[in-house]
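To keep things clear, I will list the structure first and then write my remarks on it.
The values are calculated or read from the model by the stated rules, or taken from the named source; none is laboratory data. None of the values given here were measured: they were computed from a predicted structure. Cβ sites come from the backbone with ideal geometry, for glycine too, and all protein chains shown count toward neighbours.
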Amino acid sequence: MKEKKEPVLIANGQGFWGDSILGPIRLLREGPIHYLTLDYLAEVTMSIMQKLKSRNPKAGYATDFIRMLERILPEAMEKGVKIIASAGGVNAQACLEATGEVIKKSGLSGVRVATVTGDDIYADLNRMLDAGVALRNMDTGEPLSAIRERISSANVYLGALPVAEALDKGADVIICGRVTDPSLVLGPMIHEFGWGPEEFDKLAAGTVAGHIVECGAQCTGANYTNWREIDDFALIGYPVIEAHASGEFFVTKHANTGGKVTVETVTSQLIYEMGDPENYYTPDVIADFSSIKLEQSGPDRVRVYGITGKAPTDTLKVSISYLSGYKAVGQLTIAGPDARAKAELCADIIWKRLEYDGVTFPEQNRLVEFLGTNVCHAGIAEAPQEPGEVVLRIGVKDTDREKVNRFGMEIVPLVTSGPPGVTGFAGGRPKATEIISYWPALIDKKEIRPEVYVEEF
């Protein structure tokens with residue numbers, strides 16, 4: 001019989017694909033943990049991965065995860081730490097094979113690696129549409145057929161139960177496709193404490209815990225309004241959840257690390273990406289964030305309790321990406337007296353030269369920003385005095401790739417054919433890149449079958 005441990009220590013070391021590689025490394029080195037979760041996927045990431053897979057059947061997953069494993073896997077296995085990552089993208093099998101190569105090169109053996117899939121419905125869309133699954137846009141009500149030929153990815157958000165199933169099957173490393181961010185944390189709780197699918201208050205508590213740590217250091221002082229109170233951003237501590245079978249948990253971090261864990265820093269993350277606080281929908285439960293109680297229970301330690309939940313809906317959310325045109329953005333630095341006026345002139349020159357050549361863009365498809373002149377907080381903060389230099393950021397979007405590329409040819413000529421002070425041209429001639437738009441939809445749970453596969457290396 002499996003020995004139960006309490007509290008269960010669940011740490012999150014990656015808030016997104018691109019987060020600091022030091023997060024997971026330090027979580028392993030600087031204190032005890034039982035589970036290490038790594039959150040890699042965002043909505044647009046899935047589209048990028050699908051495109052990579054179309055070019056290379058061995059691509060389509062978070063390659064940073066493999067490089068991470070090369071550094072941390074031996075230590076994690078030595079300490080008995082299980083790793084759960086949403087790194088599979090649209091090719092969990094290829095990620096599994098790459099993980100197997102890391103295990104072999106590391107001289108390890110007996111490592112059980114699981115994949116959680118069933119979320120990728122891209123190849124099944126025609127069948128579903130023909131069968132009457134409309135996948136209507138949750139914002140506009142349009143049927144998916146309106147953009148069928150432009151779709152680049154389609155993934156269902158799976159919940160925590162398949163993650164718990166993989167752990168039940170003895171997995172040491174779990175590679176997930178598109179699961180909800182909190183599922184990475186809730187899954188181990190279900191596995192360790194034996195929570196049932198109708199224990200909604202406990203499932204809601206695990207969901208809240210996952211939401212608090214899903215963005216990594218944002219609950220330990222990063223991206224925090226009172227940032228001057230935070231010590232040692234360079235080595236800020238990544239979060240650790242101390243979970244209990246009752247559903248109560250504590251948010252903390254390893255001792256002697258930067259940042260801080262307070263009711264305020266945790267609250268700051270709780271309201272991040274928040275819709276209706278009384279109805280936080282997930283595949284496993286609807287959590288009531290208004291029921292959350294927070295209490296400072298010691299230095300860098302916040303108690304979270306009192307959370308309630310209710311039954312989930314009969315649907316799952318689908319994240320669909322599609323091509324909606326092309327864009328190009330370029331920059332010029334204009335320095336010296338009257339920098340703003342000269343930057344405005346540069347923008348006007350570009351539009352007039354394009355118009356002379358028969359290339360026009362509607363006003364709503366143009367971007368003109370003068371960085372250094374209160375662009376980010378226009379209308380909110382007081383404008384600064386006349387700057388000594390301005391960065392002109394100018395761009396367009398259109399369904400015609402050639403028109404967008406033609407725009408890119410008119411920026412650098414201003415260095416020698418514009419007003420004085422055009423001193424810097426950044427990034428080379430801008431070229432048309434695809435605009436990927438987001439299509440949220442709902443699908444009946446009966447249409448989706450999560451799959452858990454475990455292989456030992």
inquiry  = Anything in the range 273-331 that is closer than 30 Å to VAL396 by Cβ, among the β-branched types (Val, Ile, Thr) and at pLDDT 95 or above? List them, or say none.
reply    = VAL329
inquiry  = I'd like the full set of residues that are modelled with pLDDT of 90 or more, among the β-branched types (Val, Ile, Thr) and out of contact with any Cys (no Cβ under 9 Å at 6 or more places or on another chain), limited to the range 411-430.
reply    = VAL412, VAL415, THR416
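Looking only at the range 228-252, which residues are within 19 Å of GLU295 (Cα to Cα) and in contact (Cβ under 8 Å) with a residue 60 or more places away in the chain? Walk me through it before giving the result.
Here is the first cut: in the range 228-252, the ones within 19 Å of GLU295 (Cα to Cα) are 239-252.
Passing the criteria: PRO239, VAL240, ILE241, GLU242, ALA243, HIS244, ALA245, GLY247, PHE249, PHE250.
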task = Could you tell me whether VAL133 is touching a strand residue (DSSP E or B) at 6+ places or on another chain (Cβ under 7 Å), at pLDDT 95 or above and within 18 Å of LYS446 (Cβ to Cβ)?
result = no
note = Of the conditions (1) assigned to a loop (DSSP other than H, G, I, E, B); (2) surrounded by 24 or more Cβ atoms within 10 Å (Cβ to Cβ); (3) under 24 Å from the mean Cα position of the chain (by Cα), the single one that PHE233 does not satisfy is (2)
request  = Look at GLY237 and say whether it is in contact with a Lys or Arg (Cβ under 6 Å, 6 or more places away or on another chain) and not aliphatic (A, V, I, L, M).
outcome  = yes
inquiry  = So, restricting to strands (runs of 3 or more DSSP E) that lie completely within the range 80-199, which ones have at least 3 residues that are farther than 21 Å from ASP64 by Cα?
reply    = 151-156
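From LEU354, LEU316, LEU294, LEU323, grab the single residue that is closer than 30 Å to GLY388 by Cβ and either surrounded by 15 or more Cβ atoms within 10 Å (Cβ to Cβ) or not hydroxyl-bearing (Ser, Thr, Tyr) (or both). Please lay out each step first, then the result.
Values: LEU316 fails: closer than 30 Å to GLY388 by Cβ; LEU294 fails: closer than 30 Å to GLY388 by Cβ; LEU323 fails: closer than 30 Å to GLY388 by Cβ.
When all the criteria are applied, what remains is LEU354.
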ask   = ASP39: of a type in the set (D, E, K, R) and surrounded by 24 or more Cβ atoms within 10 Å (Cβ to Cβ), yes or no?
value = yes
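Would you confirm whether or not the range 301-309 contains a residue that is more than 30 Å from VAL391 (Cα to Cα), free of Cβ contacts under 8 Å to residues at least 24 places away in the same chain and either surrounded by fewer than 20 Cβ atoms within 10 Å (Cβ to Cβ) or within 23 Å of the chain's Cα centre (by Cα) (or both)? Outline the logic, then answer.
Quick first cut of the range 301-309, residues more than 30 Å from VAL391 (Cα to Cα) only: 301-309.
Checking the rest, the ones that are also free of Cβ contacts under 8 Å to residues at least 24 places away in the same chain come to 306.
Checking the rest, the ones that are also either surrounded by fewer than 20 Cβ atoms within 10 Å (Cβ to Cβ) or within 23 Å of the chain's Cα centre (by Cα) (or both) come to 306.
Looking through the range 301-309, at least one residue is more than 30 Å from VAL391 (Cα to Cα), free of Cβ contacts under 8 Å to residues at least 24 places away in the same chain and either surrounded by fewer than 20 Cβ atoms within 10 Å (Cβ to Cβ) or within 23 Å of the chain's Cα centre (by Cα) (or both).
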message = I'm told GLN14 meets every condition in (1) polar (S, T, N, Q); (2) out of contact with any Asp or Glu (no Cβ under 9 Å at 6 or more places or on another chain); (3) in contact (Cβ under 8 Å) with a residue 12 or more places away in the chain except one. Can you identify the failing condition by its number?
response = (2)
query = Within the range 262-280, is even one residue touching an Asp or Glu at 6+ places or on another chain (Cβ under 7 Å), crowded, with 19+ Cβ neighbours inside 10 Å, under 20 Å from TYR35 (Cβ atoms) and of a type outside the set (Lys, Arg)?
reply = no
ask   = Which of the residues that make up the range 141-178 are among the β-branched types (Val, Ile, Thr) and modelled with pLDDT of 95 or more?
value = VAL156, VAL163, VAL173, ILE174, ILE175
note = Only one of ILE66, ILE48, ILE10 is outside any helix (DSSP H, G or I) and either β-branched (Val, Ile, Thr) or on the phi > 0 side of the Ramachandran plot (or both), namely ILE10
request  = Tell me which residues, restricted to the range 110-157, are among the aliphatic types (A, V, I, L, M), buried (at least 20 other Cβ atoms within 10 Å of the Cβ) and closer than 30 Å to VAL173 by Cβ.
outcome  = VAL111, VAL113, ALA114, VAL116, ILE121, ALA154, VAL156
key: Residue that is nearest to SER324 (Cα to Cα), among those in the range 41-89 that are at pLDDT below 90, among the aliphatic types (A, V, I, L, M) and touching a strand residue (DSSP E or B) at 6+ places or on another chain (Cβ under 6 Å)   = VAL44
request  = From the list THR360, THR373, pick out the single residue that is in a loop (DSSP other than H, G, I, E, B), hydroxyl-bearing (Ser, Thr, Tyr) and touching a residue at least 12 places away in the same chain (Cβ under 8 Å).
outcome  = THR373
query = Condition test on GLY100, is it of a type outside the set (Val, Ile, Thr) and either in contact with a Ser or Thr (Cβ under 7 Å, 6 or more places away or on another chain) or closer than 30 Å to THR257 by Cα (or both)?
reply = no
Where a residue in the range 22-34 is outside the structural domain of ALA171 (by TED's automatic domain parsing) and its partner, wherever it lies, is hydrophobic (A, V, I, L, M, F, W, C), with Cβ under 7 Å and at least six apart = none
note = Residues of the range 42-71 being touching a helix residue (DSSP H, G or I) at 6+ places or on another chain (Cβ under 7 Å) and either surrounded by fewer than 21 Cβ atoms within 10 Å (Cβ to Cβ) or farther than 15 Å from ILE174 by Cα (or both), in sequence order, are GLN50, LYS58, ALA59, GLY60, ILE66, GLU70, ARG71
